[in-house]
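Note sheet for the following structure.
The values are calculated or read from the model by the stated rules, or taken from the named source; none is laboratory data. Given the structure is predicted, the values throughout are model-derived calculations rather than measurements. No Cβ is skipped: glycine too gets one built from the backbone with ideal geometry, and neighbour counts run over all protein chains shown. Areas reflect the complete protein model, heavy atoms only, side chains present, ligands, DNA and RNA absent. Shrake-Rupley method; radii C 1.70, N 1.55, O 1.52, S 1.80 Å.
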Amino acid sequence: MSKLHNSYLQHRGAMQDGDVLLFKGQSWLSKIIKWRTQSDYSHAGIVVWWNGRLMVLEAIGQGVLARPISYNLEHYTGEIEYFRPKQEIANEVRTSMAQFAQAQLGKKYATRRLVGFFLKLIFNRPLQSQDSTEAAGRYFCSEYVADIYAKNGLDLDIERSSGYTSPDRIATAAGLNFIATLNRF
């Protein structure tokens, strides 16, 4: 698949609630995540239109928050790629996805669960079904995205529950299409 750089402005108008952004970070933590998951991706977020602004809702160290996509494009060190669901999602379901995503704003980051997930990856330990617990009021990035889909009857990742979904699993989900690598200009 050719991953040509496309302008953010070229795709902005077509973006819809529930579309997915995947990030190719360059920090040391991002590099470790990419190395252990054997993926190009280290972070995930969900697209939501909010009062005429195009936002990415994401779980980061400060917790679940919303920022304009343009902010991430300006400040993120790495590439941001845009994915859209293959199946048609009804407008009322997309609205429900956005409402659920917004209702999670302010929740804390799931540092302990991420550390456990990370240790399993480092030591090549399998993720067991008992490891795949539902998020309990805290999220890490890809878990947040997967949970938004799961709570709306849409499954992005059939191999793991949202409790241990990584950005690479979202990137390879059969239900998503790569659209573009975004850039500001």
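Values for this structure:
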quantity	calculated
Residue satisfying condition, being hydroxyl-bearing (Ser, Thr, Tyr) and either in contact with an Asp or Glu (Cβ under 8 Å, 6 or more places away or on another chain) or surrounded by fewer than 18 Cβ atoms within 10 Å (Cβ to Cβ) (or both), within set SER70, SER96	SER70
Which listed residue, of ARG67, ARG36, ARG84, is of a type in the set (Lys, Arg) and not in a strand (DSSP E or B)	ARG36
Some residue of region 123-132 being touching a strand residue (DSSP E or B) at 6+ places or on another chain (Cβ under 9 Å) and either open to solvent by 10 Å² or more (accessible area, probe 1.4 Å) or modelled with pLDDT under 90 (or both)	no
Cβ-Cβ under 9 Å pairs, at least 6 apart or on other chains, region 157-182 side assigned to a strand (DSSP E or B), far side at pLDDT below 85 and among the hydrophobic types (A, V, I, L, M, F, W, C)	LEU176/LEU156; PHE178/MET1; ALA180/LEU4; THR181/LEU4
